[in-house]
Each structure stands twice: as structure tokens, then as C-alpha cells.
Amino acid sequence: MPKTSNVFARIEPELKMQAESILGQLGIPMSNAIGLFLQQVVMQRGIPFAVKLPQRKPMALGSLSEEEFNAEIEKGFADMAAGRMRPAAVVFADLKRDYDI
């Protein structure tokens, strides 16, 4: 069937750029990706993936008691001693991606 209908959507420029970059690597034009999504909506009779809030949020210092704060610091020291560390840039990128902060 020929494509004769248009869909217009306003999205954040950064999101569009990131999606276009990934889709370009896959060799899929944006319009085809949107068509694939809509086809799955029809076939699944709903959104074709789980739409939910993240289960965990970063802890806010003010929400912890002194005992809870000290326990979190101890966990951090234990992780560091065991070599379970990640560069700060990676942590901040994850926070931006997962929580937009």
C-alpha cells in the first residue's frame, strides 16, 4: 500500500539526533522506524514495550538518617576495597540517561 498519510510530532532535538544516529547505524530511516513502531502498536493492541517508572531513584542525602548515611558510606568503602568502581563520567552519564539529572 502506498504511503499517503503524514504524522507530525514535536520532539526534543537531542532525542531526534540520538535516535537518527542509532537508526542510521542500523540502516533504518526514521520514517520506517516510526512505521515499525505503529505496526507493532496495532499487532500488540497497545504499546509494544513496558511503560513504567524506574524502580529505584538516587538517594537524597536529606532523606537519610545519620545511621542510614553511615551505612551507605560503608557500602561504598566496601565496594572500593573490592575493586567495584566506575569512572565518575560513566556514573554521571548513567544518571543523566536513567533519571535526566
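The values are calculated or read from the model by the stated rules, or taken from the named source; none is laboratory data. This is a predicted model, so every value here is computed, not measured. Cβ placement follows ideal geometry from the backbone for every residue including glycine, while neighbour counts extend to all protein chains displayed.
Residues that are polar (S, T, N, Q) and either surrounded by 10 or more Cβ atoms within 10 Å (Cβ to Cβ) or over 19 Å from Lys96 (Cβ atoms) (or both) do occur in region 6-17. Scanning region 20-67 for residues that are in a loop (DSSP other than H, G, I, E, B) and of a type in the set (A, V, I, L, M), which turns out nearest to Asp100 (Cα to Cα)? Taking the candidates together, the pick is Leu53.
For region 43-64, a residue qualifies if it is among the aliphatic types (A, V, I, L, M), surrounded by 10 or more Cβ atoms within 10 Å (Cβ to Cβ) and without any contact (Cβ under 8 Å) to a residue 12 or more places away in the chain, and the qualifying residues are Ile47, Leu64. Within the span defined as region 68-75, one or more residues are in a helix (DSSP H, G or I) and in contact (Cβ under 8 Å) with a residue 12 or more places away in the chain. All of Glu67, Glu74 fail the test of being modelled with pLDDT of 90 or more, surrounded by fewer than 10 Cβ atoms within 10 Å (Cβ to Cβ) and more than 30 Å from Glu14 (Cα to Cα), apart from Glu67.
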